[in-house]
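**Q** After the structure tokens below, expect a handful of questions from me.
The values are calculated or read from the model by the stated rules, or taken from the named source; none is laboratory data. None of the values given here were measured: they were computed from a predicted structure. Positions of Cβ are backbone-derived with ideal geometry, glycine not excepted, and every protein chain shown enters the neighbour counts. Heads up: the accessible areas ignore ligands, DNA and RNA and are worked out on the full protein's heavy atoms, side chains in. Shrake-Rupley method; radii C 1.70, N 1.55, O 1.52, S 1.80 Å.
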Amino acid sequence: MRYILIFINSLLLTFPFSAQLDVSYKKPPREILELVDIDPTPFLYMDSKGDRGVFISRDAFKSLEDLAQDEVRLGGLRIDPATNGRSRQTYYKDIAVQNLRTGEKIQAKNLPDNPRLSDFRWSPSQAYFTFTNTNSEGISLWYMDAKTAVCKQLTPYNLNGVFGAPYDWCPDNASLLVFTVPENRIKIDENSIPKGPIVQETSGSKAPVRTYQDLLSSKKDEALFEYYANSEVFKVDLEGNLKPFLPKAIYYSVNYSPNGKLILVNTIEKPFSYIVPYYRFPENFAIHDELGVKQQDFYKKPLIEELPKGFDAVQTGKRYIYWRADQDATLYWAEAQDGGEPENEVPFRDYVYQQDLTKKSKPVLLVPVKYRFRGIMWGNNELAILNEGYWKTRRTGMYLFNPSKKPMERTEIVERSSQDLYSDPGSFETELTGSGRYQTLKFSKDGKSLYLTGQGYSPEGNKPFLDKFNIKTRKTERLWQAAGDSTYEQIMRITNWEDLTLITRIESKNTFPNYFFRHVGTGTLDKITDFKNPYESFNKVHKEEIEYKRQDGVNLTGTLYLPPGYDPDKEGRLPVFIWAYPREYKDASEAGQIKDSPHKFTRLFYGSPVYWAVRGYAVLDDASFPIIGEGDEEPNDRFIEQLVANGKAAIDALTERKIADPERVAIGGHSYGAFMTANLLAHSDLFAAGIARSGAYNRTLTPFGFQSEERTFWDNPELYMRMSPFTNADQINEPLLLIHGNADNNPGTFTLQSERLYGAIKGLGGISRLVLLPYESHGYAAKENILHMLWEMDEWLETHVKNKEKL
């Protein structure tokens with residue numbers, strides 16, 4: 001088994017134990033431990049009508065042994081070679097079925113021994129519930145009768161889960177397509193001697209790509225990728241009878257047309273790439289009949305290594321190839337009209353085309369797209385809704401159009417800033433088609449209206465709603481909205497459109513979320529679930545949403561947690577722990593909008609900072625750290641100045657309320673929040689210490705952009721240097737705890753980033769501590785690592801913040 005040391009800064013003599021290389025796993029204090037080591041509430045899969053619900057349960061954490069299993073990293077994938085599925089998969093251990101109307105609940109019968117369940121789906125008819133089970137032999141498909149809760153194994157343990165769920169339902173509701181590991185495949189010798197050097201060559205064309213991880217890097221990798229990614233497709237019935245359906249290939253997706261007569265088969269092809277992940281490899285889109293016989297090659301997508309820079313850049317040719325949900329067998333897709341280049345000015349950036357494959361018709365233009373195509377919600381042959389957006393300007397829009405009329409006609413429903421939450425009209429509701437496989441727009445009984453549901457963002461917090469949308473006038477009528485005065489109530493399903501019966505989930509600050517039938521006409525509620533609050537010891541913690549202003553007038557918010565019974569007049573000022581994540585905006589007024597409800601229940605999870613409220617700290621969670629660039633200015637042009645202004649505003653707000661001791665404030669964050677933390681320590685003296693988890697600190701190692709920055713290092717080298725804590729490590733004069741998974745797979749946040757920043761601080765005589773968590777990726781999963789991480793954070797805060805004066 002691989003062994004990873006937890007490195008400790010030998011200069012940190014003030015830490016409770018002496019510097020050393022071997023550190024055994026620790027657990028956090030009792031107050032934190034009793035809040036973190038709790039199994040999560042079962043997850044609910046409702047059927048489309050809200051009649052039945054399937055509850056699936058899992059353990060809170062994986063074990064270190066789970067993460068220590070071998071994995072291969074190929075083309076942006078992480079694969080478990082023992083199972084031929086995704087490594088690091090989250091598994092569930094139990095299933096129960098509940099009649100949501102009567103409350104009758106049945107535990108699943110005949111589950112496999114030591115279940116490791118995943119890939120859950122309802123059948124199109126909603127009569128069955130399917131899932132996979134994984135054991136040491138591989139992955140197998142199972143199904144459960146939704147009425148009896150009896151489970152049955154359908155396939156051997158030979159499914160290929162490399163690209164996700166290794167199966168899909170057929171339209172007949174009596175059979176499924178399964179992706180299996182090819183029989184008699186030849187094992188690749190991973191220790192073979194190379195037959196030559198690894199050579200790559202540029203063609204003279206620009207190919208700016210972000211810093212991806214786990215890419216292919218040799219011919220051996222290419223062979224291994226084929227070995228694990230290739231599948232054979234079989235059809236299996238509900239008795240477990242298997243029949244060959246499609247030959248060996250690298251299947252990305254296989255989708256039946258709405259009428260079940262044709263199949264869109266999407267395969268990954270050669271040549272592979274060493275600089276981009278598998279989803280930018282060449283692909284072939286072919287049409288097969290219902291028996292699996294190939295009819296035609298529809299489109300061959302080339303390798304995408306070369307794209308213009310910018311988030312709005314796209315490939316040329318067809319993209320987003322899907323079946324129209326309201327037609328028998330009509331494909332639609334988008335094509336760029338600006339060469340995929342955001343800098344080219346054109347009236348419409350995309351066109352959407354369609355082709356009816358039930359006839360020998362040619363592609364026809366369907367609708368133009370002013371920005372970039374974001375999808376279509378299909379209603380019928382006379383009405384559909386186009387969604388589009390553009391990152392650069394943060395513009396988004398929804399439009400009505402008639403698929404059977406002139407292609408250039410479209411009617412605006414709304415066009416707005418994507419960051420203006422208060423103007424969000426919500427999303428249109430859909431319903432299953434007769435086949436049960438596709439979603440189309442939900443019309444009112446008279447066919448004149450559609451329905452919208454949304455979060456109902458407002459200065460008072462979220463108040464979810466249901467609206468009726470008149471197609472002719474484009475006006476809305478509010479049918480229901482959550483009160484939002486002491487609870488947060490979210491629509492989960494609409495079960496009766498005429499009498500308006502909803503399934504909602506209701507929670508409050510101290511009331512655990514549960515599901516209810518809400519009868520809008522009578523205003524009555526019927527409780528469906530009775531989940532108990534697992535965090536009773538946290539109930540006495542004070543929680544409130546606070547608002548304050550930055551020096552330049554920008555509105556800021558955060559969620560403040562105070563220790564149980566805390567009285568500032570009697571107990572004085574507290575040490576403070578601020579946790580944040582910077583976000584970019586193009587409009588200052590939108591940056592200050594309220595983004596959540598003040599009445600949500602506090603769900604604790606391993607990455608949360610709020611545990612420290614029970615340790616005697618004031619905790620400001622999700623503190624606003626907007627980075628704003630209005631007009632021609634980009635947000636990052638003044639990144640450092642705004643970062644410091646955000647931090648000062650938060651400290652000042654808590655100091656003015658006589659809560660904070662401004663000399664004992666810690667700042668922390670994960671990923672981009674870790675990057676923020678290191679920058680704040682480098683460019684200000686506001687904080688006593690910092691905690692940075694899984695961040696990137698040297699932006700020259702992500703030269704083709706990072707986070708929301710579209711410019712490359714060569715466009716603006718000064719920006720990259722200025723924003724890099726690594727290049728400013730000589731200014732980090734406060735203690736910084738660096739935590740990182742030693743198997744981080746997130747683009748740009750290589751484990752090396754923390755190692756190099758730690759090395760710089762150490763070499764410059766600063767105070768730092770580097771903790772590398774064995775086998776962990778960008779998010780953490782193993783119980784041993786998570787509990788130790790919380791212990792590290794607690795020790796750091798106790799030493800360098802709460803008891804700072806004792807150093």
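**Q** Being among the aromatic types (F, W, Y), open to solvent by less than 20 Å² (accessible area, probe 1.4 Å), at pLDDT 95 or above and in a strand (DSSP E or B) is true for just one of F131, F179. Which residue is that? Show your work before the answer.
**A** Values: F179 fails: open to solvent by less than 20 Å² (accessible area, probe 1.4 Å).
Sole residue among the options that is among the aromatic types (F, W, Y), open to solvent by less than 20 Å² (accessible area, probe 1.4 Å), at pLDDT 95 or above and in a strand (DSSP E or B): F131.
**Q** If I filter segment 324-339 down to residues being closer than 28 Å to T433 by Cβ and in a loop (DSSP other than H, G, I, E, B), which single residue comes out as most open to solvent (accessible area, probe 1.4 Å)? Before you say what the answer is, go through the steps one by one.
**A** Pass one, segment 324-339, residues closer than 28 Å to T433 by Cβ: 324-335.
With in a loop (DSSP other than H, G, I, E, B) added as a condition, the list becomes 324-329.
On the way: R324: 3, A325: 12, D326: 36, Q327: 51, D328: 95, A329: 1 Å².
Only one residue fits best here, namely D328.
**Q** Within the set of pairs 6+ apart or on separate chains, which have a first residue in segment 396-409 that is hydrophobic (A, V, I, L, M, F, W, C) and at pLDDT below 95, a second that is outside any loop (DSSP other than H, G, I, E, B) and surrounded by 17 or more Cβ atoms within 10 Å (Cβ to Cβ), and C-beta atoms under 6 Å apart?
**A** So the pair list comes out as M408/P368.
**Q** Still on this model: When both residues are 6+ apart or on different chains and their Cβ atoms are under 7 Å apart, which pairs have a first residue that lies in segment 340-363 and is within 20 Å of P403 (Cα to Cα) and assigned to a strand (DSSP E or B), and a second that is open to solvent by 50 Å² or more (accessible area, probe 1.4 Å) and of a type in the set (V, I, T)?
**A** Once the first residue is within 20 Å of P403 (Cα to Cα) and assigned to a strand (DSSP E or B) and sits in segment 340-363, its partners that are open to solvent by 50 Å² or more (accessible area, probe 1.4 Å) and of a type in the set (V, I, T) give Y353/V364; Q354/V364.
**Q** Further question on the same structure: Do any residues in segment 638-660 that are at positive phi have Cβ atoms under 9 Å from those of residues that are of a type outside the set (A, V, I, L, M, F, W, C), where the two are at least six apart or on different chains, and which pairs are they?
**A** K658/P568; K658/D569; K658/G572; K658/R573
**Q** Quickly run through segment 102-141 and pick out the residues that are closer than 21 Å to D59 by Cα, β-branched (V, I, T) and more than 28 Å from the chain's Cα centre (by Cα).
**A** Result: I106, single match.
**Q** If you take the residues in segment 99-128 that are of a type in the set (S, T, N, Q) and either touching a His at 6+ places or on another chain (Cβ under 7 Å) or more than 21 Å from S175 (Cα to Cα) (or both), which one is least open to solvent (accessible area, probe 1.4 Å)?
**A** Here is the first cut: in segment 99-128, the residues of a type in the set (S, T, N, Q) are 99, 102, 107, 110, 114, 118, 123, 125-126.
Retained after the next criterion (residues that are either touching a His at 6+ places or on another chain (Cβ under 7 Å) or more than 21 Å from S175 (Cα to Cα) (or both)): 99, 102, 107, 114.
On the way: N99: 52, T102: 100, Q107: 97, N114: 135 Å².
Looking at residues that are of a type in the set (S, T, N, Q) and either touching a His at 6+ places or on another chain (Cβ under 7 Å) or more than 21 Å from S175 (Cα to Cα) (or both), I get N99.
**Q** Another one. Of the conditions (1) within 21 Å of the chain's Cα centre (by Cα); (2) closer than 21 Å to S63 by Cβ, F706 clears all except one; give me its number.
**A** It is condition (2) that F706 fails.
**Q** I need the full set of residues from segment 497-510 which are at pLDDT 95 or above and open to solvent by 50 Å² or more (accessible area, probe 1.4 Å), in order please.
**A** Scanning segment 497-510 gives a single hit, R505.
**Q** Could you please let me know if G673 is under 22 Å from the mean Cα position of the chain (by Cα), within 27 Å of G616 (Cβ to Cβ) and touching a residue at least 24 places away in the same chain (Cβ under 8 Å)?
**A** yes
**Q** Report, ordered by the first and then the second residue, all pairs with beta carbons closer than 8 Å, sequence separation of six or more or different chains, a first member in segment 735-763 that is on the phi > 0 side of the Ramachandran plot, and a second member that is assigned to a loop (DSSP other than H, G, I, E, B) and surrounded by fewer than 24 Cβ atoms within 10 Å (Cβ to Cβ).
**A** G748/R210; G748/T211; G748/T702
**Q** Continuing with the same structure: If we scan segment 564-574, do we find a residue that is touching a helix residue (DSSP H, G or I) at 6+ places or on another chain (Cβ under 6 Å) and open to solvent by less than 30 Å² (accessible area, probe 1.4 Å)?
**A** Filtering segment 564-574 down to residues touching a helix residue (DSSP H, G or I) at 6+ places or on another chain (Cβ under 6 Å) leaves none.
No, that holds for no residue.
**Q** Right, something else. Taking interchain pairs and intrachain pairs at least six residues apart, which have beta carbon atoms under 8 angstrom, with the first residue in segment 476-492 and assigned to a loop (DSSP other than H, G, I, E, B) and the second open to solvent by 40 Å² or more (accessible area, probe 1.4 Å) and basic (K, R)?
**A** A482/K463; A483/K463; G484/K463
**Q** Has segment 671-680 got any residue that is surrounded by fewer than 17 Cβ atoms within 10 Å (Cβ to Cβ) and out of contact with any helix residue (DSSP H, G or I) (no Cβ under 7 Å at 6 or more places or on another chain)?
**A** no
**Q** Another one. If we keep just the residues of segment 444-457 that are open to solvent by less than 20 Å² (accessible area, probe 1.4 Å) and part of a loop (DSSP other than H, G, I, E, B), which is nearest to I546 (Cα to Cα)?
**A** Looking at the filtered set, the residue picked out is G456.
**Q** Still on this structure, I have one more. Across segment 42-62, what is the number of residues that are in a loop (DSSP other than H, G, I, E, B), buried (at least 17 other Cβ atoms within 10 Å of the Cβ) and among the charged types (D, E, K, R)?
**A** From segment 42-62, those in a loop (DSSP other than H, G, I, E, B) are 42, 47-51, 58-61; that's our starting set.
Restricting the remaining residues to those that are buried (at least 17 other Cβ atoms within 10 Å of the Cβ) gives 42, 47, 50, 58, 61.
Then drop every residue that is not among the charged types (D, E, K, R), which leaves 47, 58.
Of the residues in segment 42-62, 2 are in a loop (DSSP other than H, G, I, E, B), buried (at least 17 other Cβ atoms within 10 Å of the Cβ) and among the charged types (D, E, K, R).
**Q** Consider L242 carefully, then state whether it is hydrophobic (A, V, I, L, M, F, W, C), open to solvent by less than 60 Å² (accessible area, probe 1.4 Å) and either on the phi < 0 side of the Ramachandran plot or modelled with pLDDT under 95 (or both). Outline the logic, then answer.
**A** Values: hydrophobic (A, V, I, L, M, F, W, C): yes; open to solvent by less than 60 Å² (accessible area, probe 1.4 Å): no; either on the phi < 0 side of the Ramachandran plot or modelled with pLDDT under 95 (or both): yes.
Against the criterion (hydrophobic (A, V, I, L, M, F, W, C), open to solvent by less than 60 Å² (accessible area, probe 1.4 Å) and either on the phi < 0 side of the Ramachandran plot or modelled with pLDDT under 95 (or both)), L242 does not qualify.
**Q** Working only within segment 636-657, note down all residues that are touching a helix residue (DSSP H, G or I) at 6+ places or on another chain (Cβ under 8 Å), under 21 Å from Q707 (Cβ atoms) and open to solvent by 10 Å² or more (accessible area, probe 1.4 Å).
**A** Listed by number, the residues that qualify are D637, I640, V644.
**Q** Here's another thing I want to ask about it. Could you check segment 682-697 and list, in sequence order, the residues that are surrounded by 21 or more Cβ atoms within 10 Å (Cβ to Cβ) and either out of contact with any strand residue (DSSP E or B) (no Cβ under 8 Å at 6 or more places or on another chain) or of a type in the set (V, I, T) (or both)?
**A** Taking segment 682-697 and keeping what is surrounded by 21 or more Cβ atoms within 10 Å (Cβ to Cβ), we get 682, 687-697.
Scanning segment 682-697 gives A682, I691, Y697.
**Q** Suppose the filter is open to solvent by less than 70 Å² (accessible area, probe 1.4 Å), under 28 Å from E71 (Cβ atoms), in contact with a Pro (Cβ under 6 Å, 6 or more places away or on another chain) and outside any strand (DSSP E or B); does L216 pass it? Give the steps one after another, and end with the answer.
**A** Details: open to solvent by less than 70 Å² (accessible area, probe 1.4 Å): yes; under 28 Å from E71 (Cβ atoms): yes; in contact with a Pro (Cβ under 6 Å, 6 or more places away or on another chain): no; outside any strand (DSSP E or B): yes.
Here the answer is no, as L216 does not meet what is asked.
**Q** Right, something else. I'm told D467 meets every condition in (1) assigned to a loop (DSSP other than H, G, I, E, B); (2) crowded, with 18+ Cβ neighbours inside 10 Å except one. Can you identify the failing condition by its number?
**A** Looking at each condition in turn, D467 falls short on (1).
**Q** Tell me the strands (runs of 3 or more DSSP E) entirely within segment 265-323 that contain at least 1 residues that are at pLDDT 95 or above and open to solvent by 70 Å² or more (accessible area, probe 1.4 Å). Steps first, answer last, please.
**A** Numbers: elements: 283-289, 294-301, 318-323.
Correct list: 294-301, 318-323.
**Q** Sticking with this structure for a sec: Just a yes or no: is a residue in segment 302-320 over 25 Å from the mean Cα position of the chain (by Cα) and among the aliphatic types (A, V, I, L, M)?
**A** yes
**Q** Count, please, the residues in segment 650-698 that happen to be touching a Gly at 6+ places or on another chain (Cβ under 6 Å) and part of a helix (DSSP H, G or I).
**A** Residues that pass the stated criteria total 6.
**Q** Can you name the residue in segment 63-90 that is over 16 Å from T134 (Cβ atoms) and part of a loop (DSSP other than H, G, I, E, B) and, of all such residues, is modelled with the lowest pLDDT?
**A** A68
**Q** Considering (1) more than 27 Å from the chain's Cα centre (by Cα); (2) assigned to a loop (DSSP other than H, G, I, E, B); (3) not acidic (D, E), say which one N728 fails and leave the rest.
**A** Result: N728 passes all but (2).
**Q** Being in contact with a strand residue (DSSP E or B) (Cβ under 8 Å, 6 or more places away or on another chain), more than 20 Å from P258 (Cβ to Cβ) and surrounded by 16 or more Cβ atoms within 10 Å (Cβ to Cβ) is true for just one of T476, T411, T430, T440. Which residue is that?
**A** Within the list T476, T411, T430, T440, the selection yields T476.
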